[in-house]
Amino acid sequence: TVFETIPDSIIVSRLKDNRIIDVNNGFLELTGFGKLEVLGKTAMDLTLWKDKEKRDRFISILESRNYIHNFESSFLMKNSQVQTALLSVNAVELKGEPHFITVARNVSELKNAENALRESEEKFRGLFEAAADYIYLLDLDGQIILSNPAVSRNLGFSREEMQGRRL
């Protein structure tokens, strides 16, 4: 029940041949594959890894210590859509045989939001820096936290000298 309830993608794979033994509904929903399409296959068979170099680094880390926490990479879904996920893997023994339990958390929406925020900040900063008008950022006490270059050019104070002053 826990395996199927967790919304993150979970993959159980056999260590000796990397074959997928089981996946949860989170994996099926994320990737678009059906359960019968993935059982007995490897991630390479399914061409899930978008970047071979990232995959190689992932494998190298996993071989050196048998676990990974929050390894970020991009993956190809069945429909060729790219998703970004954080992978966490631990080695476990199931029925006397070594396996890996992989949990993949889809962070695509978070990454998209971070990129949108970064772009917005860059646009704001460009506007702030290029504006001919005075622009001040004040704290709740009315002290200047930040001022744009127009203030320094026209009033003769450096940005550092403006900080902490009241209008």
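The values are calculated or read from the model by the stated rules, or taken from the named source; none is laboratory data. Computed from a prediction, not measured in an experiment: that's the story for all the values here. A quick note on method: Cβ atoms are made from the backbone with ideal geometry, for glycine too, and the neighbour counts reach across all protein chains shown. Please note that ligands, DNA and RNA were not included when accessible areas were found on the heavy atoms of the full protein model with its side chains. Shrake-Rupley method; radii C 1.70, N 1.55, O 1.52, S 1.80 Å.
Which pairs have Cβ atoms under 9 Å, sit 6 or more apart or on different chains, and link a residue in segment 75-101 that is more than 17 Å from Leu62 (Cα to Cα) and of a type in the set (Phe, Trp, Tyr) to one that is assigned to a loop (DSSP other than H, G, I, E, B) and open to solvent by 60 Å² or more (accessible area, probe 1.4 Å)?
Note: pairs meeting the criteria are Phe75/Lys50.
Looking at (1) assigned to a loop (DSSP other than H, G, I, E, B); (2) open to solvent by 70 Å² or more (accessible area, probe 1.4 Å); (3) on the phi > 0 side of the Ramachandran plot, which one does Asp141 not meet, given that it meets all the others?
Among (1) assigned to a loop (DSSP other than H, G, I, E, B); (2) open to solvent by 70 Å² or more (accessible area, probe 1.4 Å); (3) on the phi > 0 side of the Ramachandran plot, the lone unmet condition for Asp141 is (3).
Exactly one condition in (1) touching a residue at least 12 places away in the same chain (Cβ under 8 Å); (2) more than 30 Å from Ile20 (Cα to Cα); (3) open to solvent by less than 60 Å² (accessible area, probe 1.4 Å) is false for Ala113; which is it?
(1) is the only condition that Ala113 fails.
Does segment 7-42 hold any residues that are under 23 Å from Ser108 (Cα atoms) and acidic (Asp, Glu), and which are they?
Asp8, Glu29
Going residue by residue through segment 92-114, is there one that turns out to be hydrophobic (A, V, I, L, M, F, W, C), in contact with a Phe, Trp or Tyr (Cβ under 6 Å, 6 or more places away or on another chain) and either under 16 Å from Asp51 (Cα atoms) or at pLDDT below 95 (or both)?
Keep residues of segment 92-114 that are hydrophobic (A, V, I, L, M, F, W, C), which gives 92, 94, 100-101, 103-104, 107, 110, 113.
In the following step, the residues that additionally are in contact with a Phe, Trp or Tyr (Cβ under 6 Å, 6 or more places away or on another chain) were identified as none.
No, the conditions are met nowhere in segment 92-114.
Pull up segment 116-133, narrow it to residues that are assigned to a loop (DSSP other than H, G, I, E, B) and open to solvent by less than 100 Å² (accessible area, probe 1.4 Å), then point me to the one that is farthest from Ala85 (Cα to Cα).
Ala132
Only one of (1) out of contact with any Asp or Glu (no Cβ under 6 Å at 6 or more places or on another chain); (2) touching a residue at least 12 places away in the same chain (Cβ under 8 Å); (3) open to solvent by 70 Å² or more (accessible area, probe 1.4 Å) is not met by Arg105, so which one is it?
So the condition that Arg105 fails would be (1).
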